[in-house]
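To start, the structure under review is shown below, and the notes come after it.
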Amino acid sequence: MARTALVTGITGQDGAYLAQLLVSKGYKVHGLVRRSSHAEVHFHRLQWLGVENDVEFHDGDLTDLSSLSRLVRQLQPDEVYNLAAQSFVKASWQQPLLTTAVTGTGVANILEAVRLEAPGARFYQASSSEMFGLIQAAEQNEKTPFYPRSPYAVAKLYGHWLTVNYRESFGLHASSGILFNHESPLRGLEFVTRKVTDGAARIKLGMASMLEMGNLDATRDWGHARDYVDAMWRMLQQDVADDYVVATGRTISVRELCRLAFAQVGLDYQDHVRLAEQFMRPAEVDVLLGDPSKARDKLGWTPSTSFEDMIAEMVEADLARHGKGAGK
């Protein structure tokens, strides 16, 4: 029989790529969808990947334990992937309580639903490299101490440790993926990589002339979301649940991101990028660099897409979105 998977956050970047992967493996895929007055715009990522009609959608919300419990009881899923969150770091300072309720307490709700209604299901929690924050080691692995630097990161850390606690206290097969930054053409425009690739495309096409940015010297370990959802799936195929850092082991600055994106369209970023104070964070995370050795050794996982290829793919997708074709 086909395995059944329940995915929260299925309309996001990771949810869409994960749905595509699970469908390709023969799963029956169910997605939790929060009710919205503009719901029709949420499914564009699944449409982009051609899997919208392969997913069964269910109304629900991470902040509502009753809806989660009913759904888990009804579906009896083999695997549950919790990808839903208020995931924009900058917004977490403007909406700290919402971020806490969804990104933090929401994990408690879905874990409780699984514990009470389908304790044999395998559970994945989307943790974040932002939990490392003010880094305590040059390279961050599963044993590196956490020092979160935003309400988002604090909420993610709560969800991470709660997942560990439910695994150890109740015997759930519950794993956390401490994922470093992962991007794609499906990334939201509020995130820096997509902001830059879309900005480069718009400027190339004469739709804009300047791109305002924050800290260009911040560096991140960036990979492709398509690779990272494969790591999620691999975690739930293990006999024993555990936590894994998923990263490339390479850092790139925002400045280099700008250079590559603008070079893809034949422009010099220095002619079009300027600093703007409103895009600076109250507490900056200057550098993140993951050590994915455990994921490589135990899961057999390695990233397949380079940063350069990913940025080229994103720029070309944004050129195409603006209806002018994908050429330079």
>> Using amide H atoms built in the peptide plane, which far-off residues or other-chain residues are under 5 Å from residue 31 H to H?
In response: 7, 56, 57, 58
>> To check you understand DSSP bridge types, tell me what percent of the beta bridges within the chain (both residues inside) are antiparallel, rounded to 5.
In response: 5 percent
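Using the count of nearby Cβ atoms within 10 Å as a rough guide to exposure, how do 10, 203 rank from fewest to most?
Numbers: 10 28, 203 20.
In order of increasing Cβ crowding within 10 Å: 203, 10.
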>> What is the angle, in °, between the Cα long axis of helix 254-264 and the longest principal axis of the Cα atoms in the chain? Nearest 10 is fine, range 0 to 90.
In response: 70 degrees
>> If you split all Cα-Cα distances of the stretch 1-150 into 10 Å bins from zero, what percentages do you get per bin, shortest first?
In response: 11, 37, 35, 16, 2
> With axes computed from alpha carbons, what is the tilt in degrees of helix 151-170 against the longest principal axis of the chain, rounded to the nearest 10 within 0 to 90?
Replying inline: 30 degrees
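Quick one: compute a quarter of the convex hull surface over the Cα atoms of the chain and quote it in nm².
Details: hull surface 64.1 nm².
Mean shadow area of the hull around the Cα atoms is 16.0 nm².
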> Taking the DSSP beta bridges in the stretch 178-328 as the whole, what percent of them are antiparallel, to the nearest 5?
Replying inline: 20 percent
> Against the longest principal axis of the chain, how steep is helix 106-117, in degrees 0 to 90 to the nearest 10, with axes from Cα atoms?
Replying inline: 30 degrees
> Once the convex hull of the C-alpha atoms of the stretch 165-277 is built, how many Å³ does it hold per residue, rounded to a whole number?
Replying inline: 124 Å³
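By count of other Cβ within 10 Å, fewest leading, how are 1, 210, 232 ordered? Display every interim value, and only then the final one.
Values: 1 6, 210 12, 232 27.
With the sparsest Cβ surroundings first, the list reads 1, 210, 232.
From the P(r) of the stretch 178-241, can you give the percent of Cα pairs sitting at distances over 18 Å?
On the way: 1036 of 2016 pairs.
The answer is 51 percent, as a whole percent.
Using a ≥ b ≥ c from the Cα gyration tensor of the stretch 119-176 (square roots of the eigenvalues), is it rounded, prolate or oblate, where a/c under 1.5 gives rounded and otherwise the larger of a/b and b/c decides, a/b for prolate? Kindly include the intermediate steps, with their values, before the conclusion.
Working: a/c = 2.74, a/b = 2.00, b/c = 1.37.
Taking the square roots of the gyration eigenvalues as a ≥ b ≥ c, the stretch 119-176 is prolate.
Taking a ≥ b ≥ c as the square roots of the Cα gyration tensor eigenvalues, with a/c under 1.5 meaning rounded and otherwise prolate when a/b beats b/c, else oblate, which class fits the stretch 99-214?
Working: a/c = 2.88, a/b = 1.97, b/c = 1.46.
It comes out prolate by the Cα gyration axes.
Going by how many other beta carbons lie within 10 Å of each one, how would you line up 252, 311, fewest first?
Values: 252 19, 311 25.
Least to most surrounded, the residues fall as 252, 311.
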> Computed from the mean reciprocal separation of all distinct C-alpha pairs, what Kirkwood hydrodynamic radius does the stretch 229-310 have, in Å?
Replying inline: 15.7 Å
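Every number here is computed from the coordinates shown, using simple stated rules; none is lab data. Computed from a predicted model, the values in this text were never measured in an experiment. So basically every Cβ, Gly included, is an ideal-geometry build from the backbone, and we count neighbours across all protein chains shown.
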